[in-house]
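> A single structure is presented below for examination.
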Amino acid sequence: MKISIKNLGAVKQAAFTLGELTVICGDNNTGKTYATYALFGFLSFWRDAFSIEVPDKDVRRLLNEGNIDLDLNTYVGKAPAILKGGCSAFTEQLSRIFASPDKHFSDSHFAVELDPNDIQPSPTFERTMGAAKARLFSIAKKADSQLVTVSLLVEKEKVRVPQDVISTIIGDALKDIIFGHLFPHPFIASAERTGAAIFRKELNFARNRLLEEMSSMEQEINPFELLSKVYTDYALPVKSNVEFTRRLEEFFKKDSFIAKDHTEILNDFADIIGGDYLVTKNDDLCYVPQGKRIKLTMDESSSAVRSLLDIGFYLRHVAAPGDLLMVDEPELNLHPENQRRIARLLVRLVNIGIKVFITTHSDYIIKELNTLIMLNRGGKRLTALAERERYGKSELLASEKVRVYIAEEALIKPDRAKKRGRYPTLVPADIDRKYGIEARSFDKTIEDMNRIQEEIIWGGDES
């Protein structure tokens, strides 16, 4: 999946391809967060942006005959147009994604390009729709079939759903059949996650207070519209973090596939934070340090514990195969050794089927990824080295799974420009299975520091 953006924040024009592990690095204010937030917004709302219309005659035939077969080839043939229209519709909503004035996005552009060979329907599909606790109709696709069967489950006289709603429901199912396996479900940990962890009680209080005020109002109001305005001053990823943090008690009751099948990953995560998160019987969120009989609130816990809170809950309670875990600055508040360990943990997630997307300023993370790529070459010497340094096979990273981009100025020719010039963009970094990732944004800084220190030490006696 290739993403193209234009005139978005600092980025004049750029394109990047989503890998199993995608990394964007670079200086501050170079557009990393804009690219990240735009991608998260699209993956969150593509179903709302895409439009698939089911002909009225098919809906009428369903209501009259009780059963219809829809040929998927008809809709697959329209997939490029559906994708293009959906990206245009999403572009118009960028101001809502970023909680910024429309004028900041008047000339912006967001597009997704899919390989035509990838636009193939899901092998199987099954969904039952209903209203008022009654099943009304089913939508199903069998393996090795290009037909989608829609069947009424009640007598047509009992169907009280408007035809346009039925058309929308069927269209939504067709979207999932054609595109659902191409767009991963995103989970994001924004750079503001530490604040959300600290103020989660206040956020709950503010929302509950709003509900109380709503109940006391005499005039009719739309509660959903009012509630949606609680966090309108924040970008969508930040709001998503806030909502996830508010609902931790609810998620605590569930187990992810990692908790069931990959407990060793959770054990390693517990070692990184030096303990575990706990929701008590009173729904209080605590941090329990390893080997101690104390429970600390988030206020009493370290900034590292707070910064990894939502990631920890995601891994243990929410994660599903095929997800896209997006982390803005995973190194936030972490000691260099734990930055290395979080890099290894992210690679383990990639190797069990979770896609990972990060932005980073950390040379430690990039260098650790390089180590995992280089060790993956194998051979007697590297295998012995990996064993000696305690790198497991599950931590080794195939170079072809990785895409790295550097946010920087480069010589490009924007669409409307008459000639090439230097503009902010995303430049692909070279990735070699022998030498790893070439991250120029870090290399120059480190070289400058080494040069200055060498001059201090070896520059001669002071006069």
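> May I ask you to list the residues in segment 290-315 that are in a loop (DSSP other than H, G, I, E, B), surrounded by fewer than 19 Cβ atoms within 10 Å (Cβ to Cβ) and touching a strand residue (DSSP E or B) at 6+ places or on another chain (Cβ under 6 Å)?
Matches in segment 290-315: Q290, K295.
> Also, I was wondering about something else. Among (1) more than 27 Å from G77 (Cα to Cα); (2) in contact with a strand residue (DSSP E or B) (Cβ under 8 Å, 6 or more places away or on another chain), there is one condition G9 misses while meeting the rest; what is its number?
Single failed check for G9: (2).
> For segment 151-158, does any single residue satisfy the condition of being touching a residue at least 24 places away in the same chain (Cβ under 8 Å) and open to solvent by less than 20 Å² (accessible area, probe 1.4 Å)?
Within segment 151-158, not a single residue is touching a residue at least 24 places away in the same chain (Cβ under 8 Å) and open to solvent by less than 20 Å² (accessible area, probe 1.4 Å).
> In segment 106-137, how many residues are in a strand (DSSP E or B) and either without any contact (Cβ under 8 Å) to a residue 12 or more places away in the chain or open to solvent by 30 Å² or more (accessible area, probe 1.4 Å) (or both)?
11
> When you go through (1) at pLDDT 90 or above; (2) more than 17 Å from the chain's Cα centre (by Cα); (3) on the phi < 0 side of the Ramachandran plot one by one for I311, which number turns out not to apply?
For I311, the exception is condition (2).
> Just give me the residues in segment 77-94 being of a type outside the set (G, A, S) and either under 18 Å from I177 (Cα atoms) or modelled with pLDDT under 90 (or both), in sequence order.
K78, P80, I82, L83, K84 - these are the residues of segment 77-94 that are of a type outside the set (G, A, S) and either under 18 Å from I177 (Cα atoms) or modelled with pLDDT under 90 (or both).
The values are calculated or read from the model by the stated rules, or taken from the named source; none is laboratory data. Quantities reported herein were computed from a predicted structural model and do not represent experimental measurements. Because the Cβ atoms are built from the backbone with ideal geometry, glycine has one as well, and the counts that use them run over all protein chains shown. Remember, those area values only see protein heavy atoms, side chains included, never the ligands or the DNA or RNA. Shrake-Rupley method; radii C 1.70, N 1.55, O 1.52, S 1.80 Å.
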